[in-house]
Amino acid sequence: MANKEKLFTEFTAPTKQEWLDKIEVDLKGADFQKRLVWRTNEGFNVQPFYRREDLKDLKTPDSLPGEFPFVRGNKKDSNVWYVRQNIIVDDPKAANAKALDILNKGIDSIGFKVPGKLVSMNTIETLLEGIFCECIEVNFMTCQRHSLELAEILKSYWQKKGYDKEKIVGSIEWDPMKKMVLKGKDVSPVLAFGPKLAESLKEYPNFRGIVVHSDALNNAGAYIVQELGYALAWGNEYLQQLTDAGVDVDLAAKSIKFNMGVSENYFMEIAKFRAARLLWAQIVKQYEPKCDCACKMIINATTSTYNQTLFDSYVNLLRSQTEAMSAALGSVHSMVVTPFDAPYEEATDFSERIARNQQLIIKEESHFDRIVDPGAGSYYIEHLTDALAQEAWKIFLKVEEEGGFLAAVKAGTIQDDINATNVKRHGDAAKRKEFLLGTNQFPNFTEKSEGKRAYKHQCGCGGVHHQGEESVAFKAIETTRLAADFEDLRIHTEETKVPVAFMLTIGNLAMRQARAQFSCNFLACAGYKVIDNLGFKTVEEGVDAALEAKADIVVICSSDDEYAEYAIPAFKYLDGRAMFVVAGAPACMEDLKAAGIENFVHVKCNVLETLKEYNQKLGI
């Protein structure tokens with residue numbers, strides 16, 4: 001007979017207040033709110049711990065997998081997702097060969113980026129030769145004006161092949177509003193294709209023709225809650241337009257798919273996908289569909305390019321791996337892992353192989369595909385799901401009050417919001433409030449760019465412009481990757497002159513080592529050559545060693561108390577033969593400034609602006 005005795009019944013569970021009392025003791029008088037409560041960029045606070053009682057008013061833990069409102073995923077029996085890779089179609093025959101190759105290497109979802117000028121039956125027959133569309137997911141990206149034509153061609157091709165219509169899974173990524181948001185181009189006339197596209201594909205229940213590209217907002221620097229709120233408004237705009245045009249609501253909802261980004265915020269991203277399904281199901285429900293299955297949100301997740309870096313680019317693998325894990329645990333439909341070299345080149349065979357394997361590792365070795373919604377019941381994740389849903393709903397309602405997503409885009413309020421966030425994040429990166437490992441924090445001291453430059457990727461339109469789309473009619477989203485400012489500075493330094501920064505370490509051993517390490521990391525962010533040292537007995541010995549090393553910058557590294565003794569004598573002995581910098585912000589800073597010392601590096605510095613200033617002083 002099984003032993004049903006509960007474990008640990010002899011122990012009394014501590015109350016929440018007892019935990020708080022213990023924390024207060026350990027903080028030794030420090031402010032609990034300031035030290036332990038995380039004030040997120042998403043508009044809500046995160047506590048340092050959660051208990052079951054914190055979830056008593058939440059509805060999400062009561063949901064079941066595969067059932068409305070689908071917060072726990074669209075499936076009941078597994079968490080399997082499609083492993084997707086996109087292919088740019090310049091030569092249909094070559095693209096087909098590549099597709100056949102990667103289908104034998106773990107891929108079961110293909111995204112073909114087809115230029116509008118190549119849309120034809122011949123192209124589709126060549127692309128899909130040897131590919132059984134009943135067995136894999138197929139997606140197509142092309143010029144918005146050619147999407148309906150492409151849909152008709154695909155239907156004819158599938159009918160000729162005799163495929164089961166219910167087994168065709170995938171999408172045509174028609175989304176004219178993406179161009180309006182990102183580029184400010186007025187493509188309003190193309191919106192009329194939406195209802196026709198939905199009707200054209202109505203016999204293919206698992207093939208969707210309209211896609212919301214909120215991943216574009218993610219790659220423009222949007223915070224998680226912004227991407228989520230605007231994605232919902234974006235999708236609702238298409239849903240409203242389709243139903244207003246007479247498309248049945250069930251068909252309209254089943255015509256829409258979401259391409260969402262994934263950032264590095266691990267648990268928050270898991271919660272984002274759960275909250276997204278929850279809210280989208282509630283939105284669709286208001287249109288009174290005949291079946292709850294119309295309320296399912298189909299999400300393709302793509303790891304972010306916004307936080308990718310040109311320098312120390314293998315760190316991009318760490319970023320995209322945690323992002324892929326978030327997407328998988330968030331129960332997405334399909335996923336694209338962006339290759340690590342995306343910032344500076346078209347993906348190579350090696351980088352594409354690594355990107356595929358990043359998904360295969362978590363799928364086939366870590367078995368992320370076996371457990372439905374593994375985050376369910378986690379007090380922390382349930383709280384994040386609810387908090388994100390509430391904040392995103394505020395954004396959704398605000399957009400609706402402005403007349404809907406399209407009206408807000410034309411007014412420029414969405415673009416302004418995303419642009420403001422992008423500016424703030426670049427400012428935070430400049431001050432190292434937001435870390436980019438290998439770029440603004442702990443850079444590789446010896447790495448060179450070796451000709452790497454920011455790479456602009458090809459769109460699926462083939463660069464074709466259409467009448468009426470030439471001028472910018474609305475505000476556009478202006479963005480660069482978060483690392484771009486530091487990369488530009490470092491490349492400029494590398495191409496002009498690489499200064500030598502010498503650490504004059506003296507005095508207290510622990511402080512001089514800590515400050516030398518900080519200063520080396522600080523200055524290497526601009527590509528400076530840094531020379532650390534074990535320590536000097538006198539400032540004169542240190543200055544002489546610096547000059548012998550042909551230093552352009554001498555950084556004195558010691559303790560705050562000892563700067564009063566060492567800094568001014570070192571500065572005077574150097575006598576302008578190199579730039580003099582003090583590592584830290586000592587109490588005697590004003591006295592040091594009065595003596596003529598003007599350069600200090602410390603944690604409150606704007607790293608980017610300080611390095612630009614140093615470059616200017618050094619004539620770089």
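Trypsin sites (Lys or Arg not before Pro), restricted to the range 15-112: which are DSSP loop and have at most 14 other Cβ atoms within 10 Å?
Counting only loop positions with at most 14 other Cβ atoms within 10 Å, the trypsin sites (Lys or Arg not before Pro) in the range 15-112 are Lys28, Arg51, Lys56, Lys59, Lys76, Lys105.
Please state the charge dipole magnitude for the range 148-288, taken about the Cα centre, from unit charges on C-beta atoms (+1 on K and R, -1 on D and E), reported in debye and rounded to the nearest 20. Let's see the in-between values first.
On the way: 18 positive and 18 negative charges, 56 e Å.
Dipole magnitude for the range 148-288 comes out near 280 debye.
If you add up the charges near Val372, with Lys and Arg at +1 and Asp and Glu at -1, over every other residue whose beta carbon is less than 11 angstrom from its beta carbon, what do you get? Intermediate results must be reported in sequence, preceding the final value.
Numbers: positive: Arg72, Lys75, Lys76, Arg370; negative: Asp77, Asp369, Asp373.
So the environment of Val372 carries a net charge of +1.
Treating only the Cβ atoms of Lys and Arg (+1) and Asp and Glu (-1) as charged, compute the dipole magnitude of the chain about its Cα centre; round to the nearest 20 debye. Walk me through the numbers before you get to the answer.
Numbers: 74 positive and 88 negative charges, 167 e Å.
I would put it at about 800 debye.
Starting from the amide H of Lys113, placed 1.01 Å from N in the peptide plane, find each other amide H under 5 Å away whose residue is 5 or more places distant or on another chain.
The answer is Ile87, Ile88, Val89, Met141.
Considering only C-alpha atoms, what is the centroid distance from the range 543-620 to the range 59-94, in Å?
55
Quick one: compute the contact order of the chain, relative version, from alpha carbon pairs under 8 angstrom and 6+ residues apart, as a percent. Don't skip to the answer; put the middle values down first.
Values: 1093 pairs, mean separation 88.2, N = 620.
Taking the mean separation of contacting Cα pairs over the length of the chain, I get 14 percent.
Under a point spin-label approximation (7 Å from Cα along Cα-to-Cβ), what is the Lys448-Asp428 distance to one decimal in nm?
Taking the simple label geometry, Lys448 and Asp428 are separated by 3.6 nm.
I'd like the antiparallel share, as a percent to the nearest 5, of DSSP beta bridges with both residues in the chain. Intermediate values should be presented prior to the final figure.
Working: 3 of 49 bridges.
Of the beta bridges lying entirely in the chain, close to 5 percent run antiparallel.
Counting only pairs 8 or more places apart or on different chains, how many lysine pairs in the range 461-616 have C-alpha atoms closer than 23 Å?
14
Whole-Hz Karplus ³J(HN,Hα) for the range 247-263, in order, using 6.51 cos²θ - 1.76 cosθ + 1.60 and θ = phi - 60°, x for Gly and Pro?
Result, rounded to whole Hz: 6, 4, 4, 5, 5, 4, 5, 7, 8, 9, 10, 10, 9, 10, x, 9, 9.
Using alpha carbons only, how many angstrom separate the centre of the range 201-263 from the centre of the range 346-372?
26
Below 13 angstrom from the Cβ of Asp90, what's the summed charge of the other residues (Lys, Arg +1; Asp, Glu -1)? Could the numbers behind the result be given before it?
Details: positive: Lys93, Lys98, Lys113, Lys117; negative: Asp91, Glu346.
Here the count lands on +2.
In a shell of Cβ-Cβ distance under 13 Å around Lys604, excluding Lys604 itself, what net charge do Lys and Arg (+1) and Asp and Glu (-1) give? Don't jump to the answer; show the numbers that get you there.
Values: positive: Lys431, Arg432, Lys433; negative: Glu609.
After counting each charged neighbour, the total is +2.
If you count only protein heavy atoms with a 1.4 Å probe, what accessible area per residue comes out for the chain, rounded to a whole Å²?
Working: 27630 Å² over 620 residues.
Roughly 45 Å² per residue, with all protein chains present.
Roughly how many debye, to the nearest 20, is the charge dipole of the range 231-295 about its Cα centre, given +1 on each Lys and Arg Cβ, -1 on each Asp and Glu Cβ, and no other charges? Intermediate results must be reported in sequence, preceding the final value.
On the way: 7 positive and 8 negative charges, 40 e Å.
Result for the range 231-295 is approximately 180 debye, rounded to the nearest 20.
Of Lys93/Lys254; Lys196/Lys456; Lys113/Lys178; Lys185/Lys398; Lys16/Lys431, which pairs sit farther than 27 Å apart, going by alpha carbon to alpha carbon? Can you show the working numbers first?
Numbers: Lys93/Lys254 32 Å; Lys196/Lys456 33 Å; Lys113/Lys178 16 Å; Lys185/Lys398 23 Å; Lys16/Lys431 37 Å.
Result: Lys93/Lys254; Lys196/Lys456; Lys16/Lys431 exceed 27 Å.
Take the solvent-accessible surface of the protein heavy atoms, probe 1.4 Å, and return the percent of it on the chain that carbon and sulfur atoms account for. Write down the numbers at each step before the final one.
On the way: 14430 of 27630 Å².
Carbon plus sulfur share of accessible area: 52 percent.
Shape verdict for the range 311-456, please, from the Cα gyration tensor: rounded (a/c under 1.5), prolate (a/b greater than b/c) or oblate.
Values: a/c = 1.84, a/b = 1.18, b/c = 1.56.
Oblate, since a/c reaches 1.5 and b/c is not below a/b.
Using the Cα centre of the chain as origin and beta-carbon charges of +1 (Lys, Arg) and -1 (Asp, Glu), tell me which of Val71, Asn444, Pro195 is placed farthest towards the positive end of the dipole.
Sorting the options by dipole projection puts first Pro195.
The values are calculated or read from the model by the stated rules, or taken from the named source; none is laboratory data. What you are looking at is a predicted structure, and each value in this text was computed from that prediction instead of being measured. Because the Cβ atoms are built from the backbone with ideal geometry, glycine has one as well, and the counts that use them run over all protein chains shown. The protein model used for the area step is the full one, side chains on, heavy atoms only, and it has no ligands, DNA or RNA in it. Shrake-Rupley method; radii C 1.70, N 1.55, O 1.52, S 1.80 Å.
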